[in-house]
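Please read the structure below before turning to the comments.
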């Protein structure tokens with residue numbers, strides 16, 4: 001009698017733990033891994049492209065300004081500041097160059 005009570009207690013505890021874990025997985029999928037309040041921030045990464053192993057070029061938008069950032073595993077550098085009109089032309093130019101580089105390989 002006592003053994004069956006311990007088994008039922010253990011199964012109940014396991015069910016409770018699995019229920020809590022399932023609720024956590026649902027909450028993370030529903031609300032995202034960054035927490036429950038995901039407001040649109042002031043800073044956003046428009047695009048990031050690798051050009052060598054562990055080396056990236058990124059276009060970052062801060063407010064209404066666009067910045068071209070170069071980053072490695074040990075350094076981040078501001079390469080250029082783009083105004084919105086320059087950015088649109090630069091975006092098209094960069095996409096064209098990246099497609100050409102991809103076709104050459």
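Please give the length that would be gained between residue 75 and residue 15 if that part of the chain were fully extended, namely 0.36 nm times their separation in residues minus their C-alpha to C-alpha distance (nm, one decimal).
That pair, residue 75 and residue 15, stretches by 16.8 nm at full extension.
Contour minus end-to-end for residue 30 and residue 56, with contour as 0.36 nm per residue of separation and end-to-end as the Cα-Cα distance?
6.3 nm
FYI, it's all coordinate maths here, none of it is from the lab. Computed from a predicted model, the values in this text were never measured in an experiment.
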